[in-house]
Amino acid sequence: MHSLYANLLNETEKLWRQRRTKGFLLLALILPVVTVLLSSLLKMRAGMLFGLEGSLPVAMLHLFTFAIIPLYMAAAAAHSFAGEVAARTMKLVLLRPVTRARAYASKVIAIAVFAALCLGVLWIASTVSAWAVGGTAGGMADSLKAYAASFVPMMAIGLVCVFIAQLFSSGTSALMTIVLIYAAAKALPLLLPQLSAWSVFSYTRWDVLWTGSGAPAGILLNTFLLLLSYIIMAYAAGLMMFARKQL
């Protein structure tokens with residue numbers, strides 16, 4: 001267990017040293033502030049700048065879970081796996097006294113930590129910004145529930161990104177492929193709506209089922225089990241690939 005913790009600290013530090021990580025968290029901090037300032041300047045309600053109804057925290061959440069957080073996780077997965085293979089630093093990770101299963105887990109957890117940190121920073125910045133101009137936070141309990149629920153589909157998408165990244169030996173190729181797959185998956189339900197219920201990429205706005213009166217418990221449970229299945233399958237498939245990888 002100590003080796004997992006030590007390797008997790010190392011992987012977290014490596015991600016933190018990247019400019020994209022700091023920029024990603026900075027964007028989560030300043031975008032709600034800029035949104036409120038612009039909407040105040042234009043004398044519009046904070047939640048209406050993007051043409052969306054509802055509170056600023058929920059509007060920001062939908063923007064980030066639709067594009068920004070998946071993009072960051074794709075970049076982090078590409079760097080942590082394909083990028084390290086290309087840079088020949090993956091061998092250094094495996095030379096440490098840690099099993100491949102724990103090395104893989106530490107990389108995945110590090111990506112999840114920054115995704116969760118972004119959601120936390122975004123919620124605080126959005127809530128405070130909405131209150132600062134005398135607006136509404138849209139129900140603090142509801143928005144907090146929405147942010148917590150959003151972590152589940154983000155984790156599922158992140159693990160799919162990790163799996164795809166291991167198919168490549170170049171971080172750039174991995175990132176471009178993941179972005180193209182994500183874009184195609186988001187567009188596919190427009191052509192084949194019946195597939196949307198089975199695609200993990202269709203649940204980036206899963207939080208709407210949890211806010212307000214919420215969806216029936218049966219629907220929430222079925223959706224959660226579907227996302228959990230994606231998480232388990234993607235994690236297991238990625239671990240098997242990582243364990244068999246020849247460097």
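The values are calculated or read from the model by the stated rules, or taken from the named source; none is laboratory data. Keep in mind that what you see is a predicted model, and the values were worked out from it rather than measured. Positions of Cβ are backbone-derived with ideal geometry, glycine not excepted, and every protein chain shown enters the neighbour counts. Only protein heavy atoms, including side chains, enter the accessible area calculation; ligands, DNA and RNA are left aside. Shrake-Rupley method; radii C 1.70, N 1.55, O 1.52, S 1.80 Å.
Per residue, what accessible area does the stretch 179-244 have, given a 1.4 Å probe and all protein chains present, in Å²? List each step's numbers first, then the result.
Details: 3970 Å² over 66 residues.
Accessible area per residue: 60 Å².
Rounded to the nearest whole Å², what accessible area per residue is found for the stretch 106-168 with the 1.4 Å probe? Spell out each step's value before the answer.
Values: 2120 Å² over 63 residues.
Per residue, the stretch 106-168 has 34 Å² of solvent-accessible surface.
Report the relative contact order of the chain, percent, no decimals, based on alpha-carbon pairs under 8 angstrom and at least 6 residues apart.
On the way: 285 pairs, mean separation 66.1, N = 247.
Relative contact order, the chain: 27 percent.
Inverting the mean 1/r over all pairs of different Cα atoms, compute the Kirkwood radius of the chain and quote it in Å. Walk me through the intermediate numbers first.
Details: mean 1/r = 0.0525 Å⁻¹.
It is 19.0 Å.
Could you derive backbone 3J(HN,Hα) for the stretch 107-113 from the dihedral phi with the Karplus parameters 6.51, -1.76 and 1.60 (θ = phi - 60°), listing whole Hz in sequence and x where the residue is Gly or Pro?
Those phi angles translate into 5, 5, 5, 4, 5, 5, 4 Hz.
Give the dimensionless ratio obtained when the Cα radius of gyration of the stretch 136-247 is divided by 2.2 N^0.38 Å. Show your work: numbers first, answer last.
On the way: Rg = 16.2 Å, N = 112, 2.2 N^0.38 = 13.2 Å.
Dividing the Cα radius of gyration by 2.2 N^0.38 Å gives 1.23.
Rounded to the nearest 0.05, what FRET efficiency do Leu228 and Val128 have when you use their Cβ-Cβ distance and R0 = 25 Å? If you can, show how the numbers build up before the last one.
Working: r = 33 Å, r/R0 = 1.30.
Computed FRET efficiency for Leu228 and Val128 comes out at 0.15.
Counting Lys +1, Arg +1, Asp -1, Glu -1, what net charge surrounds Asp207 among other residues with beta carbon under 12 Å of its beta carbon?
On the way: positive: Lys145, Arg205; negative: Asp142.
Neighbourhood net charge equals +1.
With the full set of protein chains in place, find how many percent of the accessible area of the chain is carbon and sulfur; take the probe as 1.4 Å. Display every interim value, and only then the final one.
Numbers: 9040 of 12490 Å².
Of the solvent-accessible surface of the chain, carbon and sulfur hold 72 percent.
Any idea how far apart Gln194 and Ala67 come out in nm if each label point goes 7 Å out from Cα toward Cβ?
3.2 nm
Suppose only helical runs count, i.e. DSSP H with n ≥ 4. What mean residue ellipticity at 222 nm does that imply for the chain under -39500 (n - 2.57) per run, divided by all residues and rounded to the nearest 500 deg cm²/dmol?
Numbers: 9 runs with 168 residues, N = 247.
The helix contribution divided over the chain gives -23000 deg cm²/dmol.
Out of all Cα-Cα pairs in the stretch 88-189, roughly what percent, to the nearest whole number, are more than 19 Å apart?
Values: 3110 of 5151 pairs.
So the portion of pairs separated by more than 19 Å is 60 percent.
Would you kindly calculate the translational diffusion coefficient of the stretch 84-129, applying Stokes-Einstein with the Kirkwood radius from alpha carbon pairs, for 20 °C and a viscosity of 1.002 mPa s, and quote it in µm² s⁻¹ without decimals? Mind showing how you got there, number by number?
Details: Rh = 12.7 Å.
Answer from the Stokes-Einstein relation: 169 µm²/s.
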